[in-house]
1. Has the range 162-169 got any residue that is within 16 Å of the ligand (Cβ to nearest atom) and open to solvent by less than 10 Å² (accessible area, probe 1.4 Å)?
2. Just one of the numbered conditions (1) assigned to a helix (DSSP H, G or I); (2) open to solvent by 10 Å² or more (accessible area, probe 1.4 Å); (3) within 16 Å of the ligand (Cβ to nearest atom); (4) within 19 Å of residue 251 (Cα to Cα) is not true of residue 59; which one?
3. Of all residues in the range 28-56 being within 20 Å of residue 259 (Cβ to Cβ) and either open to solvent by 40 Å² or more (accessible area, probe 1.4 Å) or polar (S, T, N, Q) (or both), which is nearest to the chain's Cα centre (by Cα)?
4. Residues in the range 109-118: is at least one open to solvent by 10 Å² or more (accessible area, probe 1.4 Å) and assigned to a loop (DSSP other than H, G, I, E, B)?
5. Of the residues 345, 333, 374, 367, which single one is aliphatic (A, V, I, L, M) and surrounded by fewer than 18 Cβ atoms within 10 Å (Cβ to Cβ)?
6. Which of (1) open to solvent by less than 30 Å² (accessible area, probe 1.4 Å); (2) within 16 Å of the ligand (Cβ to nearest atom); (3) over 13 Å from the mean Cα position of the chain (by Cα) does residue 89 not meet, given it meets every other one?
7. Could you go through the range 65-79 and let me know if any residue there is in contact with a Leu (Cβ under 6 Å, 6 or more places away or on another chain) and either modelled with pLDDT of 95 or more or of a type in the set (A, V, I, L, M, F, W, C) (or both).
8. Might you check whether a residue that is at pLDDT 95 or above and farther than 18 Å from residue 369 by Cβ occurs anywhere in the range 297-311?
Amino acid sequence: MATQLFVPNFRIDECLEQIRECLEKGWTGLGFKTLEFEKAWTEYTGLPHAHFLSSNTVGLHLALRMLKTRHGWSDGDEIIVTPLTFVSSNHAVMYEGLHPVFADVDESLCLDPADVERKISAKTRAVMFVGIGGNVGRYDEIVALCRKHGLKLILDAAHMSGTRVEGRHVGYDADVTVFSFQAVKNLPTADSGMICFADAEDDARARKLSWLGINKDTFARTNAQGAYKWMYDVEEVGFKYHGNSIMAGIGLVQLKYLDRDNAYRRQLAVWYSRELAQYPHVRVVDHSEKCESSRHLFQVRLSNRDEMMFALNEHEIYPGVHYRDNTQYRMYAYAQGTCPEAHRASDEVLSLPMHLGVTAHEVAKIASLLGKHAK
Ligand SMILES: *Cc1c(COP(=O)(O)O)cnc(C)c1O
């Protein structure tokens, strides 16, 4: 049997029950389950607001659009970002005509506060932090830096569904936190995401902007009394970014299992770490002791990473790479050479199979292959 990096685990009967409910009711779109899921997400995370979207990518865009317009940022203003992320994070900055300034990462593979501080200029408006693999890294120092310099903080929490610090779910101290419920993330639907603003006014505006700027959602309109249901107003040019009830129904089921699933991921991490401790050439990327990590990823660093990929593939083990240094992409090449640590990591990191179907036996087998081939 092949061992893949990620395999989503759907509770099929329960998901079908949710979908059936939508179909029988004749309500598959915005409203109904999307509202129920938003409520469940605020209860789960303790975050004050949550708005369900069609993906994390659109959420990051919405976050930047809203911050830019609310605070009067100009085209070309700077957002400090990380080169070790999925391109969504940095594209979202580009969508708004803002300028991604890359700061380097530290050994957690998350932003290094010292380099972030070095890269702050008169044009810096915000920092976007990515919690790689569910890890918080030195996020608390980034929060402090943003407060000190009057910068907004966007948390790309695509990997962080279920990550807690001192019992508290991450995101409460960011201006906006965006989650992904894409199929390989910890809470898999098919494609969807959640945007969580700290501020109630921002949340209300996000609801309008994610539905073309219309100031009332369809569900509320359909259920409104009287003949003027179509008399909504459009206040600004919005987007079609909201999520739908089919995805929300699946999300409601998956949320019930999120903590249990994450506990198993942490168990896998313990097994990997224990097995790999005997091999000095395999450097484990540890997660901060401060957090109970969602453990989206288990990453190691190897000087012969590419060779190792092939060696594992021969045994039908298919690890991944998170991520290629984004400054190596043509469109971000202007920043080449500005983040040497991220560049080094990009050549060395390997993400080992991490999903609910991986067994202790497979972990031992993968670890011994790593030990055998590591240089
Ligand atoms: C998956 C991912 C995204 C994009 O999420 P979607 O829901 O697929 O749009 C953004 N940032 C990071 C770090 C991701 O891993």
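1. Looking only at the range 162-169, we keep the residues that are within 16 Å of the ligand (Cβ to nearest atom), and these are 162-163.
From what is left, the residues that are open to solvent by less than 10 Å² (accessible area, probe 1.4 Å) are 162-163.
Yes, the range 162-169 contains a residue that is within 16 Å of the ligand (Cβ to nearest atom) and open to solvent by less than 10 Å² (accessible area, probe 1.4 Å).
2. Failed condition: (2).
3. Looking at residues that are within 20 Å of residue 259 (Cβ to Cβ) and either open to solvent by 40 Å² or more (accessible area, probe 1.4 Å) or polar (S, T, N, Q) (or both), I get 45.
4. There is at least one residue in the range 109-118 that is open to solvent by 10 Å² or more (accessible area, probe 1.4 Å) and assigned to a loop (DSSP other than H, G, I, E, B).
5. Only one candidate passes the filter, namely 333.
6. (3)
7. yes
8. Within the range 297-311, one or more residues are at pLDDT 95 or above and farther than 18 Å from residue 369 by Cβ.
The values are calculated or read from the model by the stated rules, or taken from the named source; none is laboratory data. As the structure is a computational prediction, the values presented were derived from the model and not from experiment. FYI the Cβ positions are ideal-geometry reconstructions off the backbone, even for glycines, and counts take in every protein chain you see. Only protein heavy atoms, including side chains, enter the accessible area calculation; ligands, DNA and RNA are left aside. Shrake-Rupley method; radii C 1.70, N 1.55, O 1.52, S 1.80 Å.
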